[in-house]
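Worksheet: the structure to be examined is printed underneath.
The values are calculated or read from the model by the stated rules, or taken from the named source; none is laboratory data. Every value quoted in this text rests on a predicted model; they were computed, and no experiment measured them. Counting neighbours? That spans all protein chains shown, and the Cβs are built from the backbone with ideal geometry, glycine included. Ligands, DNA and RNA are excluded from the accessible area calculation, which covers all protein heavy atoms including side chains. Shrake-Rupley method; radii C 1.70, N 1.55, O 1.52, S 1.80 Å.
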Amino acid sequence: MSKRKSKESSGANGECISQVQKILRERFCHRCATGKLFGIEHQYRHLLELLKRTIVHGESNSALIIGPRGSGKTALLNHVLKELTEMKQVRENLLEVHLNGLLQTNDKVALKEITRQLHLENVVGDKVFGSFAENLAFLLEALRKGDRTSSCPVLFILDEFDLFVHHKNQTLLYNLFDISQSAQTPVTVIGLTCRQDILELLEKRVKSRFSHRQIYLTNSFDFKQYIRIFKEQLSLPAGFPDESFAQKWNKNVQHLSEDKTVQDMLQNLFRHTKDLRSLHSLLMLAVSNVTVHHPLITASDLHEASKQSRMDSKANIVHGLSVLEICLIIAMKHLNDVYEGEPFNFQMVYNEFQKFIQRKAHCMYNFEKPVVMKAFEHLLQLELVRPIERPSVRAQREYLLMKLLLDNNQIMDALQAYPNCPTDVKQWAASSLSWL
């Protein structure tokens with residue numbers, strides 16, 4: 001009987017855990033516009049009012065949402081669209097066209113995508129027929145035939161807007177802004193970009209047709225608000241099926257937010273970047289560790305996730321190198337220190353290595369020059385060393401100028417974690433340069 005009870009309870013608990021992970025992963029991956037917006041309520045109201053005027057009153061308009069990556073531009077737009085689609089009048093009328101500068105690399109591709117998304121007459125299945133000029137004329141005619149009262153409003157969303165600026169003659173932008181200035185079919189063009197100088201990139205004729213509405217987003221919250229965001233992002237919603245588990249989970253999240261070690265770790269992340277996507281990727285790693293036998297996130301889970309997310313890939317490569325290759329990297333480090341970052345060549349590195357061998361002949365094997373050269377070439381393949389200029393046929397390999405792509409901290413951290421590293425090599429890396 002007791003076995004059956006425990007099986008049932010673990011099954012229910014397992015269901016809870018999978019539900020928790022589903023809710024939080026959707027939140028962290030921005031799959032749907034859930035949760036709150038942080039510090040951008042004013043911008044939210046501004047954009048909502050702008051789009052309402054297009055959809056309800058038939059006003060055409062244009063605007064740019066400008067902010068650094070991770071500042072919430074897409075989240076802001078998704079939240080506004082979610083609220084608008086909850087209104088019956090909007091849900092039945094609004095036509096949305098989503099374009100991305102990374103995908104629609106020229107006006108011809110972009111126009112085909114617009115035609116496909118609007119389901120115009122020259123679309124059969126997924127194929128769009130006709131030349132660029134015909135498609136453009138057809139689209140403009142279709143949009144100009146309408147009027148403010150009877151036509152469906154069309155919302156154009158241009159993600160990575162700065163990439164559309166580089167299209168030939170900015171034809172697409174000119175025509176979209178031109179239609180948004182006229183009183184025919186209600187059209188609103190919303191561009192999302194991280195470039196502050198975006199208006200300077202627009203041609204004069206395009207700029208004159210743009211409404212010059214700009215919505216700026218900046219991550220202006222302080223650390224106290226960042227802790228609050230951490231709590232709200234990790235907490236379960238009120239409508240969670242298992243109420244007692246949700247209370248236990250949220251209480252645990254509250255304790256974590258008050259834990260000194262967790263606060264220190266979040267402080268480091270906050271100083272490094274205010275981008276909420278970094279916080280989300282950290283929390284995603286921590287949530288992945290939650291299981292039936294480990295149902296709540298602990299401080300150690302967050303610290304482990306922090307280590308994983310901030311792991312240095314170059315330092316990881318150093319862990320797999322041979323002792324000879326490590327010695328060459330240390331020789332390059334010393335050359336960088338002596339010549340203040342000036343480029344070096346293989347011969348200089350080899351001479352530095354020979355000095356070390358002569359001082360520590362009792363503990364280090366003196367490798368032949370071709371062997372050392374092979375090790376140096378391996379570092380070049382791993383891209384830990386980079387040639388300053390393209391090697392010519394005539395130039396000797398030993399005298400090609402190189403640059404080390406590791407800094408001193410990365411080298412020292414990698415040496416601390418390097419398994420069975422000889423003590424003399426560690427001392428050489430940490431030594432002052434007085435013996436040179």
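Only one of 163, 172 is surrounded by fewer than 19 Cβ atoms within 10 Å (Cβ to Cβ), in contact (Cβ under 8 Å) with a residue 40 or more places away in the chain and assigned to a helix (DSSP H, G or I). Can you tell me which?
Answer to the check: 163.
Taking the conditions exactly as written (over 28 Å from the mean Cα position of the chain (by Cα), surrounded by fewer than 14 Cβ atoms within 10 Å (Cβ to Cβ) and more than 25 Å from residue 212 (Cβ to Cβ)), does residue 82 satisfy them or not?
No, not satisfied.
Assess whether residue 208 counts as being open to solvent by 10 Å² or more (accessible area, probe 1.4 Å), among the small types (Gly, Ala, Ser) and either closer than 22 Å to residue 118 by Cβ or not in a helix (DSSP H, G or I) (or both).
In short, no.
Out of curiosity, is residue 286 in the same structural domain as residue 244 (by the TED database), touching a Ser or Thr at 6+ places or on another chain (Cβ under 6 Å) and aliphatic (A, V, I, L, M)?
Considered against the rule, which asks whether it is in the same structural domain as residue 244 (by the TED database), touching a Ser or Thr at 6+ places or on another chain (Cβ under 6 Å) and aliphatic (A, V, I, L, M), residue 286 comes out as no.
Considering only the stretch 362-436, give the helices (runs of 4 or more DSSP H) lying wholly within it that have at least 3 residues that are open to solvent by 80 Å² or more (accessible area, probe 1.4 Å) and either modelled with pLDDT of 80 or more or farther than 19 Å from residue 322 by Cα (or both).
369-381
Name the residue, out of 337, 264, 259, that is without any contact (Cβ under 8 Å) to a residue 40 or more places away in the chain, open to solvent by 10 Å² or more (accessible area, probe 1.4 Å) and not assigned by the TED database to the domain that holds residue 70.
Among 337, 264, 259, only 264 is without any contact (Cβ under 8 Å) to a residue 40 or more places away in the chain, open to solvent by 10 Å² or more (accessible area, probe 1.4 Å) and not assigned by the TED database to the domain that holds residue 70.
Pick from the stretch 51-70 the residues that are over 19 Å from residue 181 (Cβ atoms) and open to solvent by 20 Å² or more (accessible area, probe 1.4 Å): which of them is farthest from the chain's Cα centre (by Cα)?
For the stretch 51-70, the residue satisfying everything is 56.
Is it fair to say residue 196 is assigned by the TED database to the domain that holds residue 110 and either within 31 Å of the chain's Cα centre (by Cα) or not in a helix (DSSP H, G or I) (or both)?
yes
Check 314, 274 and return the single one that is assigned to a loop (DSSP other than H, G, I, E, B) and touching a residue at least 12 places away in the same chain (Cβ under 8 Å).
When all the criteria are applied, what remains is 274.
Looking at 105, 115, 74, 54, which is the one that is part of a loop (DSSP other than H, G, I, E, B) and β-branched (Val, Ile, Thr)?
It is 105.
Evaluate the following for residue 89: is it outside the structural domain of residue 226 (by the TED database) and open to solvent by 80 Å² or more (accessible area, probe 1.4 Å)?
Against the criterion (outside the structural domain of residue 226 (by the TED database) and open to solvent by 80 Å² or more (accessible area, probe 1.4 Å)), residue 89 qualifies.
List, please: which pairs have Cβ atoms under 7 Å, are six or more places apart or on different chains, and start with a residue in the stretch 198-209 that is farther than 21 Å from residue 67 by Cα and end with one that is aliphatic (A, V, I, L, M)?
206/173
Do any residues in the stretch 53-79 that are closer than 14 Å to residue 215 by Cα and at pLDDT below 85 have Cβ atoms under 8 Å from those of residues that are of a type in the set (Val, Ile, Thr) and buried (at least 22 other Cβ atoms within 10 Å of the Cβ), where the two are at least six apart or on different chains, and which pairs are they?
Correct list of pairs: 72/40.
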